[in-house]
Amino acid sequence: MNTNKFRHILSITTGLLLTCLVMSAQAQSPGFYVGAAVGSYNINDGNLDDNDRVIKTLVGYHFTSFFGIEGVWTDFNRVNNGNDRFEADGRGLVAILSLPMGIFIKGGQFWWDSDAAFYNAAQSSNGNDPLLGVGFKYGFSDNLALRLELERYDVLDTKINTYTAGLDFSF
């Protein structure tokens, strides 16, 4: 009988804790925000099958609790392997759809500059391609939030997946 009471108390406590976490991860408040993030990216092209560092900064505006726009600057650190190398950076503009419980999705365009060499052929160029992402945002306060994101870039016909963690500050 004591085991059943313990299970009920544990179930109720767990339920209350999860409810508190869900309630604290609300939709974005309307207004301006700025942020920065660091993480890693992976690339698999030529002789490159590697991960390296990515950094990004962002500025955005939420028109409603569920819709906003965001400008990003992303820098992909240089990756080398033999004669193959890759380095790029760029600017993006995306629309953000914030869902309940801190989840958001985004899509837009990314304008990039790259310096790369694949299969002994050097390529320095620029262009633009779609940028897609999904993430989770947890607000520590009304102004400060943690962001965890997965994004997909296409630079120089190379698919790049990024994984970042950062902070944003709302005004």
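The values are calculated or read from the model by the stated rules, or taken from the named source; none is laboratory data. A quick note: this is a predicted structure, and the numbers were derived from the prediction, not measured. Because the Cβ atoms are built from the backbone with ideal geometry, glycine has one as well, and the counts that use them run over all protein chains shown.
Considering segment 66-93, the residues that are in a strand (DSSP E or B) and among the aromatic types (F, W, Y) include one that is farthest from the chain's Cα centre (by Cα), namely F86. Exactly one residue out of S141, S114, S124 is in a strand (DSSP E or B), out of contact with any Lys or Arg (no Cβ under 9 Å at 6 or more places or on another chain) and loosely packed, with under 14 Cβ neighbours inside 10 Å, and it is S124.
Looking across segment 39-62, just one residue is at pLDDT 95 or above and either surrounded by fewer than 14 Cβ atoms within 10 Å (Cβ to Cβ) or polar (S, T, N, Q) (or both), and that is T57. Return yes when D75 is surrounded by fewer than 17 Cβ atoms within 10 Å (Cβ to Cβ), closer than 16 Å to Y41 by Cβ and modelled with pLDDT of 80 or more and no when it is not. Spelling it out, D75 is indeed surrounded by fewer than 17 Cβ atoms within 10 Å (Cβ to Cβ), closer than 16 Å to Y41 by Cβ and modelled with pLDDT of 80 or more. In the set S170, S125, only one residue is under 16 Å from S29 (Cβ atoms) and touching a strand residue (DSSP E or B) at 6+ places or on another chain (Cβ under 9 Å); that residue is S170. Among the residues here, R53 qualifies as within 20 Å of L167 (Cβ to Cβ), in a strand (DSSP E or B) and not acidic (D, E). Looking only at residues of segment 94-109 that are within 19 Å of F136 (Cα to Cα) and of a type outside the set (A, V, I, L, M, F, W, C), we find that the one that is farthest from the chain's Cα centre (by Cα) is P100. In segment 22-38, the residue that is surrounded by the fewest Cβ atoms within 10 Å (Cβ to Cβ) out of those that are modelled with pLDDT of 75 or more and outside any strand (DSSP E or B) is P30. Taking residues in segment 153-171 that are more than 21 Å from A36 (Cβ to Cβ), and partners anywhere that are polar (S, T, N, Q) and at pLDDT below 95, the pairs with Cβ atoms closer than 7 Å and at least 6 places apart or on different chains are L156/S114; L156/Q123; L156/S125.
Checking each residue in segment 153-171 for being under 19 Å from T57 (Cβ atoms) and either modelled with pLDDT of 95 or more or assigned to a strand (DSSP E or B) (or both) picks out Y153, V155, I160, T162, Y163, T164, A165, G166, L167, D168, F169, S170.
The set of residues from segment 116-139 being under 16 Å from D157 (Cα atoms) and modelled with pLDDT of 80 or more comprises S125, N126, G127, N128, D129, P130, L131, L132.
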